[in-house]
1. Rolling a 1.4 angstrom probe over the protein chains, ignoring ligands and nucleic acids, what is the accessible area of residue 42 in square angstrom, nearest 10?
2. Please find the FRET efficiency linking residue 56 to residue 96, where r is the Cβ-Cβ separation and R0 is fixed at 30 Å, and quote it to the nearest 0.05.
3. In nm, what is the difference between 0.36 nm times the number of residues separating residue 139 and residue 69 and their Cα-Cα distance?
4. Sorted by accessible area (1.4 Å probe), largest first, how do 135, 106, 77 line up?
5. Ignoring everything but the protein chains, give the 1.4 Å probe accessible area of residue 105 in square angstrom, nearest 10.
6. Compute, for residue 70, the solvent-accessible surface of its heavy atoms (probe 1.4 Å) with the complete set of protein chains present, and express it in square angstrom to the nearest 10.
7. Full extension from residue 40 to residue 28: what is 0.36 nm times the residue separation minus their Cα-Cα distance, to one decimal in nm?
8. In nm, what is the difference between 0.36 nm times the number of residues separating residue 81 and residue 105 and their Cα-Cα distance?
Amino acid sequence: ARELEQQAEAWLPPSNPCELPLADYAEIPIIDLARWREAQQCGDSESEEAERQRAAQLLRRASEEVGFYYLSNHGLSNLVLDRLFEASRSFHSLPTQEKLRYEMDSCGCAPKGTGYLPVANSKLPARTKANMNASFIVKREARPR
C-alpha cells in the first residue's frame, strides 16, 4: 500500500490531458460474479471461498492494470442501481467548490483514500492508460479476519 501511495505522490498530471492514452472499451475487464453468488446460494463454503478468491484476484488485476472494470451478476437490484446513479449525478452536478469540500484525504472522510477526485488529479498511481473523469471513491474499512 505504501508503494502505491509513493507512486501517487510522485505522479504529476500532464500539462495537456489530451496526451494521456485512453482505455478502449474492449480493454475494460468484465468481472462476472455469478459463480461466487451461486456458491453462496448453494451453501458450499469451500467453493464460495475459492470463487471469492478468484473474484478478488480479477478485481485486483483490473484495478492495477487498467484502473476500472465492469461487474456483472453482482446481485444489485435495478432500484439500488438507479438510486446510485441518481446520487452520482446529483453530486457531480454541484459546483466545483462545493465538491472540493469532499476532496480525497482532506475532507475528514474515513477510511483514508475516500472522497472526491477532480479531473487530472494526482492522488491515484500512474497507469499507462488513464480515464479523464472526476470520481468519488467510496470504500469501507476492512473487516477483521
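The values are calculated or read from the model by the stated rules, or taken from the named source; none is laboratory data. Keep in mind that this is a model prediction, so the values were computed, not measured. Don't worry about glycine lacking a Cβ; one is built from the backbone with ideal geometry, like all the others, and counts go over all protein chains shown. For accessibility, only protein heavy atoms count, side chains too; no ligands or nucleic acids. Shrake-Rupley method; radii C 1.70, N 1.55, O 1.52, S 1.80 Å.
1. 100 Å²
2. Numbers: r = 35 Å, r/R0 = 1.17.
The pair residue 56/residue 96 has a calculated efficiency of 0.30.
3. 23.6 nm
4. On the way: 135 30, 106 80, 77 55 Å².
Greatest to least solvent exposure: 106, 77, 135.
5. Solvent-accessible area, nearest 10 Å²: 70 Å².
6. Per-residue accessible area (residue 70): approximately 100 Å².
7. 1.7 nm
8. Numbers: separation 24, 0.36 × 24 = 8.64 nm, distance 2.64 nm.
Additional length available on full extension: 6.0 nm.
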